[in-house]
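A.B. asks: Have a look at this one.
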Amino acid sequence: MKISESVYAIGGGDLGYKISNAFDCNIYLVDGGGEYVVIDAGSGMDSNAIVAWIQHDGIAIEQIKALILTHAHADHAGGASKLRHDLSVPVLAGSLTADIVASGDEARISLPEARRNGIYPAWYRFKACPIDRTLCIGETIAIGNLTLQVIAVPGHSADMIALYCPELGALFAGDTVFSGGMLALQSSPDFSLSEYRRTIASLSSMNLKQLFSGHGTAILEHANEHIMLAHRRFEAGEPPESIV
């Protein structure tokens, strides 16, 4: 489903585009002029739907060069193993994410607790996935005529990275910030409100045009106004507003 000149939504659950499994994050396909990368993998509960959207959009699987994970939470990385196989692509992730995903360490993403609380089905298990390349903060990934710069954005999780595309003025934000300046607050051990505040302050200086978040819908113009809402709430000492 094409949502901008260079970006497709190929997945999204009940908190997003509602075009794949209910437990999926938004999954994006970025077009660098005939060369593509997938950002995030969904939960893995129905990865076939994601592949079907790629085919529906008329994109040849062999044009997809990589799958990049923003963080290890199950709704973003649980489908990595299946997509790695189905798309025949390398999986790229930051170092902390790589450790969790490669080992399938459910405790580090609080998945057992999430199952007990009914956030995920009792039967769901995270499938480990090899990480083919570990990304460094500040690294630039080339996709045809576009580039993605790797940015550390801890807060929602300690391992979170975002991907900034200067050619589009766009941020692929994972679960960092959402439309209306909403955040994704949680009570897991890897959540840090102080880190979140520093992350939002840093992003507020970037003058972003577009924002592609892990849930909700994309912001295609004046994205920085939404980030400034979150920044001003922090600066005023107000409680952040959360999507969950």
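A.B. asks: If you go through segment 134-169, how many residues are out of contact with any Cys (no Cβ under 8 Å at 6 or more places or on another chain) and either of a type in the set (Asp, Glu) or touching a residue at least 60 places away in the same chain (Cβ under 8 Å) (or both)? Spell out the reasoning first.
C.D. replies: In the first step, residues of segment 134-169 are kept if they are out of contact with any Cys (no Cβ under 8 Å at 6 or more places or on another chain); the result is 134-145, 151-169.
The next check asks that each one be either of a type in the set (Asp, Glu) or touching a residue at least 60 places away in the same chain (Cβ under 8 Å) (or both); those that pass are 135, 139, 141-145, 156-163, 165, 167-168.
Here the count works out to 18.
A.B. asks: A further question on this structure: All but one of (1) under 30 Å from residue 100 (Cα atoms); (2) of a type in the set (D, E, K, R); (3) over 18 Å from the mean Cα position of the chain (by Cα); (4) surrounded by 15 or more Cβ atoms within 10 Å (Cβ to Cβ) hold for residue 241; which doesn't?
C.D. replies: (4)
A.B. asks: How many of the residues making up segment 92-107 are buried (at least 17 other Cβ atoms within 10 Å of the Cβ), under 15 Å from residue 154 (Cβ atoms) and of a type in the set (Gly, Ala, Ser)? Talk me through it step by step, then tell me what you get.
C.D. replies: At the first step, the residues of segment 92-107 found to be buried (at least 17 other Cβ atoms within 10 Å of the Cβ) are 92-94, 96-98, 100-102, 104, 106.
Next, only the ones that are under 15 Å from residue 154 (Cβ atoms) stay: 93-94, 96-97, 100.
Cutting the leftovers down to of a type in the set (Gly, Ala, Ser) gives us 93-94.
Number of matching residues: 2.
A.B. asks: Checking residue 125 against (1) under 18 Å from the mean Cα position of the chain (by Cα); (2) over 22 Å from residue 28 (Cβ atoms); (3) in a loop (DSSP other than H, G, I, E, B), which test does it fail?
C.D. replies: (1)
A.B. asks: Please go through (1) among the aliphatic types (A, V, I, L, M); (2) under 15 Å from residue 212 (Cβ atoms); (3) surrounded by 20 or more Cβ atoms within 10 Å (Cβ to Cβ); (4) out of contact with any Lys or Arg (no Cβ under 7 Å at 6 or more places or on another chain) for residue 54 and return the number of the only condition it doesn't satisfy.
C.D. replies: So residue 54 meets the others, but not (2).
A.B. asks: Looking at this structure, is residue 69 at pLDDT 95 or above, surrounded by 24 or more Cβ atoms within 10 Å (Cβ to Cβ) and touching a Gly at 6+ places or on another chain (Cβ under 9 Å)? Let's see the steps before the verdict.
C.D. replies: Numbers: at pLDDT 95 or above: yes; surrounded by 24 or more Cβ atoms within 10 Å (Cβ to Cβ): yes; touching a Gly at 6+ places or on another chain (Cβ under 9 Å): yes.
In short, yes.
A.B. asks: May I pose another question? Count, please, the residues in segment 3-14 that happen to be more than 12 Å from residue 43 (Cβ to Cβ) and under 13 Å from the mean Cα position of the chain (by Cα).
C.D. replies: Within segment 3-14, the first condition is being more than 12 Å from residue 43 (Cβ to Cβ), and the residues that meet it are 3-10.
Next, from what is left, pick out any that are under 13 Å from the mean Cα position of the chain (by Cα): 9-10.
So the count comes out to 2.
A.B. asks: Another question, then. Give segment 13-48 a look and list any residue that's part of a helix (DSSP H, G or I) and surrounded by fewer than 20 Cβ atoms within 10 Å (Cβ to Cβ), or say none. Walk me through how you get there before you give the answer.
C.D. replies: Taking segment 13-48 and keeping what is part of a helix (DSSP H, G or I), we get 47-48.
If the condition is that a residue be part of a helix (DSSP H, G or I) and surrounded by fewer than 20 Cβ atoms within 10 Å (Cβ to Cβ), then 48 is the only one that fits.
The values are calculated or read from the model by the stated rules, or taken from the named source; none is laboratory data. Note that this is a predicted model, so its numbers are computed, not measured. Because the Cβ atoms are built from the backbone with ideal geometry, glycine has one as well, and the counts that use them run over all protein chains shown.
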